[in-house]
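A.B. asks: Sharing a structure, written as structure tokens. Questions coming.
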Amino acid sequence: MSVSVAHTPRARAPSRHLALIHGWGFGAEVWQSTLSALRLAVDHLDHPLPATPQTDATQAAAPHWQIHRLSLPGYDGVADRDETFAACAQAMVDALPAGVVLGGWSLGGLLALHAAATNPEKIGGLILIGATPCFQERADWPAAQPAATLAGFREALASDAVATRRRFAAQLNQGDRQARPLTRALTNLLATTPAPAPAALARGLDWLRDVDLRPPLRACRVPTLIVHGAHDAIAPPGAAEFLAAQIETSEYVCLADAAHAPFLAEPEQVAAAIARFLGKNIAQSGAADPTLPPKRLVRAAFDRAAAAYDDVAVIQRRVAALLCAGLPKALAPTCGGAAPLGTAPPHAPAPWRAPSPTRPLALDAGCGTGFGGLELRARWEGIELVAADFAPAMLAHPTHGGSARVASDIEALPFAPGVFDLYWSSLAVQWCDSARVLAEAARSLRAGGHLALSTLGPDTFAELRQSFAGIDRYRHTLAFTDPDTVREHLQQAGFVDIRLERQTLTLHYDTLRALLAAVRDIGANGVGGGARRGLMSRRVWQAFTAAYEAQRQPAGLPASYDVILVHARKAAHPPAAACAIFPPTF
């Protein structure tokens with residue numbers, strides 16, 4: 001699958017993604033006239049948060065929205081594939097970053113709905129325009145097209161595909177206040193863009209005839225916006241009302257003067273509705289887990305820690321060595337070697353050189369100062385390494401040497417799918433939504449590619465939690481993910497041959513203040529929701545100190561790390577591209 005994702009400028013925080021899926025008969029260009037209105041409408045979601053003395057403009061930036069247009073198999077020059085409806089929907093999910101918001105019109109809405117129903121952990125939101133869960137009438141479903149109508153289109157398509165598409169362009173606008181100009185615009189679009197493959201058109205009509213997504217609707221918990229025209233004759237408004245009633249997390253916008261293509265008839269209104277929906281449900285949501293600390297604060301903490309990080313990162317070095325020991329002795333490069341980034345990203349802090357297609361290509365995700373990259377280079381001479389981190393000061397560290405460096409959130413990587421031979425991430429995932437990170441890891445790896453990952457388990461800093469037990473009810477550590485959940489997220493992302501090992505590593509300190517300072521000096525003092533606000537009282541500090549001293553060992557006061565080491569392989573996927581994604585708009 002071919003995906004082109006441009007790079008987020010360094011002055012922005014990690015991107016969020018909106019992917020638009022066209023309907024039957026029209027390719028991705030059908031969205032073109034709406035993109036400018038949509039870009040303007042979502043611009044206010046991209047404005048940075050106010051900078052403070054503790055956070056510079058980069059650290060305070062709000063998530064930036066990238067808008068992509070997808071082309072289905074057989075459209076816009078994409079190779080056609082004779083695949084099932086479910087396989088096409090899954091291919092779209094696999095090609096897009098975790099947390100993407102899917103927007104679909106008509107048939108595209110049907111595909112988006114299926115993708116969200118089958119991959120709820122990977123989809124951040126749904127926007128359904130002129131959509132229905134079932135296009136053809138059933139005995140219990142009158143809000144649809146008669147079987148004879150779809151059969152007639154199928155027959156007409158076989159004899160004259162051009163005339164059939166023109167007829168559809170006219171019919172979908174019937175009842176719209178702007179029916180004539182809209183029909184002229186769509187007819188001109190048909191004449192000036194490549195015709196879809198005949199087999200793709202026929203298969204799309206078969207999908208519209210056969211697919212019925214009504215049964216899984218009640219289980220859909222993805223935030224959903226339903227936009228429909230009151231005069232829609234292709235997908236009657238009753239279908240949209242049914243969607244709104246069945247999806248509890250939905251909101252419904254009905255445009256009084258529009259028909260089946262409200263985004264063309266009323267682009268400003270539809271764009272404004274989408275922006276409101278994104279702002280309310282997606283843009284301000286932060287990490288999927290509300291117990292995680294805000295990313296801008298985590299980024300600020302690691303930026304402050306970067307200069308002295310290597311002097312105090314004892315556990316981090318030991319864990320990187322353990323993780324490296326479990327890697328295979330040989331790492332073969334991807335055949336053909338597609339470069340993940342293409343041209344130099346505008347925010348790359350090192351001189352850019354494209355990775356070699358003849359050498360193994362590895363991603364160091366959440367690279368920190370780069371000593372993980374040193375382990376990889378020592379193991380495999382000649383490996384090409386891309387270092388990704390969202391803390392600019394970490395990326396600027398000289399340890400990275402000649403690595404290509406990319407400012408990026410590992411929950412939303414700016415790379416094409418299937419380009420890396422190795423995904424390496426050591427002690428970064430605990431700050432993130434692990435399901436999103438692993439979905440992105442799988443997307444970025446080639447089929448058969450290797451994953452090497454370490455994170456921290458729930459027994460990390462057990463002594464600290466025990467010392468606070470009975471003193472207060474605040475949370476004093478991150479909500480670390482347990483190994484069973486990590487394994488579940490690996491399996492959901494499509495990894496196989498999973499090897500998961502758990503070790504406890506313990507450091508000792510002479511004093512409690514030295515122990516807490518060491519944690520602070522590596523930037524690991526954020527705990528997220530439920531943390532204490534403000535300073536401890538003298539009484540609480542004395543009680544905490546006494547409780548921790550009671551756990552003193554001969555070597556000193558212990559600080560335990562519950563280390564989870566993971567090695568896995570990405571399962572094989574169908575090799576040919578199933579859809580294309582146009583470069584995003586900004």
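The values are calculated or read from the model by the stated rules, or taken from the named source; none is laboratory data. Because the structure is a prediction, the values reported are computed rather than measured. Note: ideal-geometry Cβ built from the backbone for every residue, glycine included; neighbour counts use all protein chains shown. These accessible areas exclude ligands, DNA and RNA; they are computed on the full protein's heavy atoms, side chains included. Shrake-Rupley method; radii C 1.70, N 1.55, O 1.52, S 1.80 Å.
A.B. asks: In the range 400-430, what count of residues is obtained for those that are open to solvent by 30 Å² or more (accessible area, probe 1.4 Å) and either of a type in the set (S, T, N, Q) or on the phi < 0 side of the Ramachandran plot (or both)?
C.D. replies: 1
A.B. asks: Sticking with this structure for a sec: Being part of a loop (DSSP other than H, G, I, E, B) and open to solvent by 30 Å² or more (accessible area, probe 1.4 Å) is the filter here, so list the residues in the range 199-217 that pass it.
C.D. replies: First, the residues of the range 199-217 that are part of a loop (DSSP other than H, G, I, E, B): 211, 213-216.
Residues satisfying the conditions are 214, 215, 216.
A.B. asks: Still on this structure, I have one more. Scan the range 234-255 for residues that are in a loop (DSSP other than H, G, I, E, B) and modelled with pLDDT under 95 and report the count.
C.D. replies: Within the range 234-255, the subset in a loop (DSSP other than H, G, I, E, B) is 234-236, 247-249.
Retained after the next criterion (residues that are modelled with pLDDT under 95): 247-249.
Of the residues in the range 234-255, 3 are in a loop (DSSP other than H, G, I, E, B) and modelled with pLDDT under 95.
A.B. asks: A further question follows. Please give the number of the condition residue 409 fails out of (1) closer than 27 Å to residue 330 by Cα; (2) within 22 Å of the chain's Cα centre (by Cα); (3) part of a loop (DSSP other than H, G, I, E, B).
C.D. replies: Every listed condition holds for residue 409 apart from (1).
A.B. asks: Take residue 441 and tell me if it is touching a residue at least 60 places away in the same chain (Cβ under 8 Å) and open to solvent by 10 Å² or more (accessible area, probe 1.4 Å).
C.D. replies: Details: touching a residue at least 60 places away in the same chain (Cβ under 8 Å): yes; open to solvent by 10 Å² or more (accessible area, probe 1.4 Å): no.
So residue 441 fails the test.
A.B. asks: Okay, moving on. Got at least one residue in the range 468-478 being open to solvent by less than 20 Å² (accessible area, probe 1.4 Å), assigned to a loop (DSSP other than H, G, I, E, B), touching a Lys or Arg at 6+ places or on another chain (Cβ under 7 Å) and under 30 Å from residue 556 (Cβ atoms)?
C.D. replies: Taking the range 468-478 as the starting set, the residues that turn out to be open to solvent by less than 20 Å² (accessible area, probe 1.4 Å) are 468, 477-478.
Filter once more, keeping what is assigned to a loop (DSSP other than H, G, I, E, B): 477-478.
Subset that is touching a Lys or Arg at 6+ places or on another chain (Cβ under 7 Å): 477.
Narrowing the set further to residues that are under 30 Å from residue 556 (Cβ atoms) leaves 477.
Checking the range 468-478: at least one residue is open to solvent by less than 20 Å² (accessible area, probe 1.4 Å), assigned to a loop (DSSP other than H, G, I, E, B), touching a Lys or Arg at 6+ places or on another chain (Cβ under 7 Å) and under 30 Å from residue 556 (Cβ atoms).
A.B. asks: Shifting gears a bit: Mind checking which residues of the range 215-234 are of a type in the set (Val, Ile, Thr) and closer than 18 Å to residue 142 by Cβ? If you could, list the steps in order and put the result at the bottom.
C.D. replies: Restricting attention to the range 215-234, the residues satisfying the condition of being of a type in the set (Val, Ile, Thr) are 222, 224, 226-227, 234.
The answer is 234, and nothing else.
A.B. asks: Do we have any residue at all in the range 176-192 that's over 17 Å from residue 106 (Cβ atoms), of a type outside the set (Lys, Arg) and within 31 Å of the chain's Cα centre (by Cα)?
C.D. replies: No, the range 176-192 contains no residue that is over 17 Å from residue 106 (Cβ atoms), of a type outside the set (Lys, Arg) and within 31 Å of the chain's Cα centre (by Cα).
A.B. asks: Does residue 183 satisfy the condition of being open to solvent by 40 Å² or more (accessible area, probe 1.4 Å), β-branched (Val, Ile, Thr) and either within 22 Å of residue 72 (Cα to Cα) or not in a loop (DSSP other than H, G, I, E, B) (or both)? Full working, then the answer.
C.D. replies: Working: open to solvent by 40 Å² or more (accessible area, probe 1.4 Å): no; β-branched (Val, Ile, Thr): yes; either within 22 Å of residue 72 (Cα to Cα) or not in a loop (DSSP other than H, G, I, E, B) (or both): yes.
No: the conditions fail for residue 183.
A.B. asks: Here's a follow-up. At pLDDT 75 or above, within 24 Å of residue 273 (Cβ to Cβ) and assigned to a loop (DSSP other than H, G, I, E, B), is that true of residue 31? Please lay out each step first, then the result.
C.D. replies: Working: at pLDDT 75 or above: yes; within 24 Å of residue 273 (Cβ to Cβ): yes; assigned to a loop (DSSP other than H, G, I, E, B): no.
For residue 31, the condition - at pLDDT 75 or above, within 24 Å of residue 273 (Cβ to Cβ) and assigned to a loop (DSSP other than H, G, I, E, B) - is not met.
A.B. asks: Go through the residues of the range 428-445 one by one and say whether even a single one is farther than 22 Å from residue 328 by Cα and assigned to a strand (DSSP E or B).
C.D. replies: no
A.B. asks: Tell me, please, whether a residue that is in contact with a strand residue (DSSP E or B) (Cβ under 7 Å, 6 or more places away or on another chain), acidic (Asp, Glu) and crowded, with 23+ Cβ neighbours inside 10 Å can be found in the range 229-245.
C.D. replies: no
A.B. asks: Taking the options 288, 308, 339, name whichever one is out of contact with any strand residue (DSSP E or B) (no Cβ under 7 Å at 6 or more places or on another chain), at pLDDT below 90 and either over 30 Å from residue 477 (Cα atoms) or open to solvent by less than 40 Å² (accessible area, probe 1.4 Å) (or both). Explain how you work it out, then say what you get.
C.D. replies: Numbers: 288 fails: either over 30 Å from residue 477 (Cα atoms) or open to solvent by less than 40 Å² (accessible area, probe 1.4 Å) (or both); 308 fails: either over 30 Å from residue 477 (Cα atoms) or open to solvent by less than 40 Å² (accessible area, probe 1.4 Å) (or both).
Going through 288, 308, 339 in turn, just one is out of contact with any strand residue (DSSP E or B) (no Cβ under 7 Å at 6 or more places or on another chain), at pLDDT below 90 and either over 30 Å from residue 477 (Cα atoms) or open to solvent by less than 40 Å² (accessible area, probe 1.4 Å) (or both): 339.
A.B. asks: Here is a further query. Of the numbered conditions (1) modelled with pLDDT under 85; (2) part of a strand (DSSP E or B), residue 362 satisfies every one except a single condition; which is it?
C.D. replies: (1)
A.B. asks: If you don't mind, there's one more thing I want to ask. Between residues in the range 152-175 that are part of a helix (DSSP H, G or I) and residues that are hydroxyl-bearing (Ser, Thr, Tyr) and surrounded by 15 or more Cβ atoms within 10 Å (Cβ to Cβ), which pairs lie under 7 Å by C-beta distance while being six or more apart or on different chains?
C.D. replies: 153/164; 156/164; 157/164; 169/183; 170/183
A.B. asks: Assuming residue 268 fulfils every condition listed in (1) without any contact (Cβ under 8 Å) to a residue 40 or more places away in the chain; (2) open to solvent by 50 Å² or more (accessible area, probe 1.4 Å); (3) assigned to a helix (DSSP H, G or I) apart from one, which condition is it?
C.D. replies: Every listed condition holds for residue 268 apart from (1).
A.B. asks: Pairs please, first residue from the range 395-414 and acidic (Asp, Glu), second anywhere and assigned to a loop (DSSP other than H, G, I, E, B) and surrounded by 24 or more Cβ atoms within 10 Å (Cβ to Cβ), Cβ atoms under 6 Å, 6+ apart in sequence or on different chains.
C.D. replies: 409/390; 411/432
A.B. asks: Filter the range 539-567 for residues that are open to solvent by 20 Å² or more (accessible area, probe 1.4 Å) and either within 30 Å of residue 495 (Cα to Cα) or in a strand (DSSP E or B) (or both) and give the result.
C.D. replies: Residue satisfying the conditions is 553 alone.
A.B. asks: Restricting the search to the range 73-122, which residues are of a type in the set (S, T, N, Q) and within 22 Å of residue 270 (Cα to Cα)? Give the derivation first.
C.D. replies: Taking the range 73-122 and keeping what is of a type in the set (S, T, N, Q), we get 84, 90, 106, 118-119.
The one that is of a type in the set (S, T, N, Q) and within 22 Å of residue 270 (Cα to Cα): 106.
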